[in-house]
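Heads up, the thing below is written out as structure tokens.
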Amino acid sequence: MLARSTFAALFASLIGASTVSAGTLSVSALSPFQLMPTAANDTTIEVTFSQPVDMATINSGSFRVFGPYTGTMPGVFSSTNGGLTVVFTPARHYIAGDVITVTLANTIAASGGDTLRSAGYVYQFWIRAGRATNTFSQSQSWDVRTGWPGPARIYGGQASDLNADGFADLAIICEDSSDVRVYPNTADGSGLFGARLDPPSPVGGVPSPNGAADFDNDGNIDLVTGNFDTADISILLGNGDGTFGSRQDVTVGGQTRGIAAFDFDGDGDADIACASAAASHVSVLFNDGSGTFGAPTSFDAGGDGEYGLAGGDMDNDGIIDLVVGHRNSQTITVLKGNGDGTFTFFSSQASGGATWVVVLGDLNLDGFLDATTANSSSQTGATLMGGGGTFSPPTVYSLGAHTVSTDLGDLDGDGDLDWVVSSFGGGFWREYENDGAGNFSFVRDFAADSNPGCCIVVDVNNDSAMDIVLLDEIANTVRIQMNTALKTGDMNCDGLVNGGDIGPFVLAILDPSGYATQFAGCSIDNGDVNNDTNVDVDDVPGFAALLVAP
């Protein structure tokens with residue numbers, strides 16, 4: 001006989017299922033697919049629904065496309081497949097390595113009147129990083145205190161296209177001065193950054209974690225910081241030129257650390273979740289659509305000392321969940337999103353130490369989000385493989401000293417996420433290479449000027465190879481480490497080797513002068529796949545292999 005609680009749960013699920021089938025528009029297919037690691041930088045997005053869609057309900061407010069590097073992507077909507085499939089064609093390229101979030105609001109309706117579920121639908125995919133040698137040279141370094149003397153203490157950073165020129169700028173979060181210092185990309189392909197935009201933008205006391213979103217839906221990138229001393233968060237609304245306009249501070253709890261910005265309630269607008277260690281809770285703040293946030297709703301996250309926080313769809317149901325790292329209990333917990341802005345405790349796992357930072361990514365390419373942690377005084381980093389809302393026990397990597405941050409990016413362009421861990425106490429950033437199955441091997445240490453705070457893995461010069469921005473907390477320095485792009489097979493010089501290179505490759509073989517004219521600035525030598533100094537039919541097998549390589 002079924003237990004009463006089991007029967008009740010089964011009955012509720014049956015009622016829910018019948019409700020969906022009886023009159024709710026639903027998502028049935030996605031392209032690029034959920035968590036795809038190698039989408040093209042000009043990829044169209046196709047969402048197929050269970051019923052023909054009323055295109056009058058599809059717009060930039062109900063179908064949002066955003067990446068923290070790229071920002072809000074403008075584009076054109078169309079339909080195909082008898083109205084079942086909505087196609088979004090981007091107006092420009094995404095920045096390589098970006099994590100794109102597609103947010104579908106609950107206002108989307110079928111032509112017959114049925115609407116998307118109240119929870120809406122959210123999914124993510126990665127823009128492919130170009131092949132690279134994974135060797136680095138420093139192109140630039142500066143002290144954030146230059147020209148603005150006094151304490152600063154870098155404690156975080158965000159790479160985002162703050163002025164909509166197609167290149168990632170840097171917003172440096174400074175703890176002691178409680179401000180954000182913006183350095184615009186020169187946007188000339190050099191990967192260099194210009195002078196700071198003064199004055200810096202003040203935020204609450206001792207900021208550290210941060211996130212990017214378009215909170216007021218104006219197309220400009222906004223920022224949010226978590227502020228350790230003043231127990232609040234600061235929301236800065238971007239002006240679209242690298243500066244910020246209005247600022248809102250909202251009290252959430254002592255020692256505010258982790259930040260995640262996603263649509264939690266299905267209305268399409270980016271809300272905010274944050275973790276507060278001293279208060280030992282997580283808070284959720286809801287956006288009214290204009291970038292204004294109300295009082296938080298706070299709750300226990302199933303551990304002690306909530307410090308790290310990340311958002312992602314752990315069970316692939318189209319609803320954002322929260323993953324919380326607990327410093328004191330040394331655990332990582334999953335809170336399942338209910339789609340209405342509330343969360344239900346789902347699972348807990350040892351995290352490998354006193355967790356400060358959590359970053360999510362599909363490390364083993366199985367279609368589920370995994371986690372990496374930086375475990376502070378435990379002097380470790382850890383990886384935990386996910387599987388539908390639970391995590392396997394951690395694989396722990398010893399750093400030998402206080403470890404403060406974890407970051408992911410495809411540094412060699414082979415289609416999987418590599419790992420950089422910041423050791424404050426050891427005075428180095430450590431790079432690990434992924435074998436594609438979530439196993440990591442040591443590559444190198446980047447020596448710090450003093451003590452690392454964190455790093456940013458981002459393509460700063462738009463050659464599609466992922467570069468590294470090293471942020472030193474005590475020396476107050478920013479160092480740009482440029483990766484070396486591999487161009488073999490890249491016949492149209494967009495940083496990728498894909499179907500767009502087939503035509504130029506054939507042209508290079510049949511009409512070299514025509515190739516040189518049509519693709520001025522590209523080297524025909526990129527087609528010399530077999531390294532025999534000629535571009536000819538002998539290169540075809542190797543070129544074909546590059547197209548199908550992961």
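The values are calculated or read from the model by the stated rules, or taken from the named source; none is laboratory data. None of the values given here were measured: they were computed from a predicted structure. FYI the Cβ positions are ideal-geometry reconstructions off the backbone, even for glycines, and counts take in every protein chain you see. Heads up: the accessible areas ignore ligands, DNA and RNA and are worked out on the full protein's heavy atoms, side chains in. Shrake-Rupley method; radii C 1.70, N 1.55, O 1.52, S 1.80 Å.
Quick check on segment 135-143. Is at least one of its residues crowded, with 24+ Cβ neighbours inside 10 Å, modelled with pLDDT of 95 or more and within 26 Å of Phe228 (Cα to Cα)? No - not one qualifying residue is present in segment 135-143. Comparison of Leu360, Leu384 shows that the only residue that is within 23 Å of Val458 (Cα to Cα) and either open to solvent by 20 Å² or more (accessible area, probe 1.4 Å) or at pLDDT 95 or above (or both) is Leu360.
Every test in (1) over 21 Å from the mean Cα position of the chain (by Cα); (2) open to solvent by less than 40 Å² (accessible area, probe 1.4 Å); (3) closer than 27 Å to Thr72 by Cα is passed by Ser290 save one, and that test is (2). Candidates are the residues of segment 84-114 that are touching a Pro at 6+ places or on another chain (Cβ under 8 Å) and aliphatic (A, V, I, L, M); the one that is surrounded by the fewest Cβ atoms within 10 Å (Cβ to Cβ) is Ala91. For segment 210-231, enumerate the residues that are assigned to a strand (DSSP E or B) and either within 20 Å of Phe264 (Cα to Cα) or modelled with pLDDT under 95 (or both). Once the filter is applied, which keeps residues that are assigned to a strand (DSSP E or B) and either within 20 Å of Phe264 (Cα to Cα) or modelled with pLDDT under 95 (or both), segment 210-231 yields Asn210, Gly211, Ala212, Ala213, Asp222, Leu223, Val224, Thr225, Gly226. Would you call Asp435 free of Cβ contacts under 8 Å to residues at least 24 places away in the same chain, among the charged types (D, E, K, R) and over 29 Å from Met36 (Cβ atoms)? When the stated conditions are applied, Asp435 does not pass them.
Restricting the first residue to segment 443-471 and requiring it to be over 13 Å from Ala129 (Cα atoms), which pairs with a second residue that is of a type in the set (Asp, Glu) and outside any strand (DSSP E or B) meet a Cβ separation below 6 Å and a spacing of at least six or different chains? Here the result reads Asn451/Glu473; Gly453/Glu473, each pair linking segment 443-471 to a residue that is of a type in the set (Asp, Glu) and outside any strand (DSSP E or B).
Taking the conditions exactly as written (more than 18 Å from Ala448 (Cβ to Cβ), small (Gly, Ala, Ser) and either in contact with a Pro (Cβ under 7 Å, 6 or more places away or on another chain) or not in a loop (DSSP other than H, G, I, E, B) (or both)), does Ala171 satisfy them or not?
yes
Tell me, which residue of segment 115-133 that is farther than 24 Å from Leu369 by Cβ and open to solvent by less than 50 Å² (accessible area, probe 1.4 Å) is modelled with the lowest pLDDT? Looking at residues that are farther than 24 Å from Leu369 by Cβ and open to solvent by less than 50 Å² (accessible area, probe 1.4 Å), I get Arg131. Listed conditions (1) part of a strand (DSSP E or B); (2) open to solvent by 10 Å² or more (accessible area, probe 1.4 Å) are all met by Asp317, apart from (1).
Kindly indicate whether any position in segment 284-307 is more than 27 Å from Phe368 (Cβ to Cβ), assigned to a loop (DSSP other than H, G, I, E, B) and β-branched (Val, Ile, Thr). Yes; the residues of segment 284-307 include at least one that is more than 27 Å from Phe368 (Cβ to Cβ), assigned to a loop (DSSP other than H, G, I, E, B) and β-branched (Val, Ile, Thr). Against the list (1) buried (at least 22 other Cβ atoms within 10 Å of the Cβ); (2) under 18 Å from Gly253 (Cα atoms); (3) without any contact (Cβ under 8 Å) to a residue 60 or more places away in the chain, the condition Gly302 fails is (1). Residues in segment 453-475 that are among the acidic types (Asp, Glu), in a loop (DSSP other than H, G, I, E, B) and either farther than 20 Å from Ala187 by Cβ or modelled with pLDDT of 95 or more (or both): Asp459, Glu473. With respect to (1) within 23 Å of Ala40 (Cα to Cα); (2) touching an Asp or Glu at 6+ places or on another chain (Cβ under 8 Å), the lone exception for Leu486 is condition (2). Take the conditions (1) at pLDDT 90 or above; (2) among the hydroxyl-bearing types (Ser, Thr, Tyr); (3) in a loop (DSSP other than H, G, I, E, B); Thr488 misses just one of them, which is (1). You will find that of Leu496, Leu510, the residue that is more than 30 Å from Asp143 (Cβ to Cβ), out of contact with any His (no Cβ under 8 Å at 6 or more places or on another chain) and open to solvent by less than 50 Å² (accessible area, probe 1.4 Å) is Leu496 and no other. The listed residues are Asp143, Asp114, and the only one of them that is at negative phi and touching a helix residue (DSSP H, G or I) at 6+ places or on another chain (Cβ under 6 Å) turns out to be Asp114. List the number of the failed condition for Thr101; all other conditions in (1) in contact with a Ser or Thr (Cβ under 9 Å, 6 or more places away or on another chain); (2) within 19 Å of Leu360 (Cβ to Cβ) hold. Answer for Thr101: the failing condition is (1). Any chance segment 37-60 includes a residue that's of a type in the set (Asp, Glu), at pLDDT 95 or above and open to solvent by 40 Å² or more (accessible area, probe 1.4 Å)? Scanning segment 37-60 turns up at least one residue that is of a type in the set (Asp, Glu), at pLDDT 95 or above and open to solvent by 40 Å² or more (accessible area, probe 1.4 Å).
For segment 250-279, how many residues meet the condition of being part of a strand (DSSP E or B), over 17 Å from the mean Cα position of the chain (by Cα) and small (Gly, Ala, Ser)? Total meeting the criteria: 2.
The residue of segment 232-270 that is modelled with the lowest pLDDT, among those that are open to solvent by 40 Å² or more (accessible area, probe 1.4 Å) and hydroxyl-bearing (Ser, Thr, Tyr), is Ser246. A search for C-beta distances below 7 Å between a residue of segment 155-179 that is in contact (Cβ under 8 Å) with a residue 40 or more places away in the chain and over 16 Å from Val144 (Cα atoms) and any residue that is among the hydroxyl-bearing types (Ser, Thr, Tyr) and surrounded by 23 or more Cβ atoms within 10 Å (Cβ to Cβ), counting only pairs 6+ apart in sequence or on different chains, returns Ser160/Tyr69; Asp161/Tyr69; Asp161/Thr70; Ala168/Tyr69; Ala168/Ser160.
Restricting attention to segment 318-369, the residues that are at positive phi, in contact with a Phe, Trp or Tyr (Cβ under 6 Å, 6 or more places away or on another chain) and among the polar types (S, T, N, Q) add up to 0. Any chance segment 322-333 includes a residue that's in contact (Cβ under 8 Å) with a residue 40 or more places away in the chain and within 17 Å of Thr103 (Cα to Cα)? Within segment 322-333, one or more residues are in contact (Cβ under 8 Å) with a residue 40 or more places away in the chain and within 17 Å of Thr103 (Cα to Cα). With the requirement that a residue be in a helix (DSSP H, G or I) and among the aliphatic types (A, V, I, L, M), what does segment 506-539 give you? Within segment 506-539, Val506, Leu507, Ala508, Ile509, Leu510, Ala516, Ile524, Val537 meet the criteria.
Scanning segment 202-217 for residues that are polar (S, T, N, Q) and crowded, with 20+ Cβ neighbours inside 10 Å turns up Ser208, Asn210. Can you say whether Gly191 is closer than 24 Å to Asn476 by Cβ, crowded, with 20+ Cβ neighbours inside 10 Å and at pLDDT 95 or above, as far as the supplied structure shows? Yes, satisfied.
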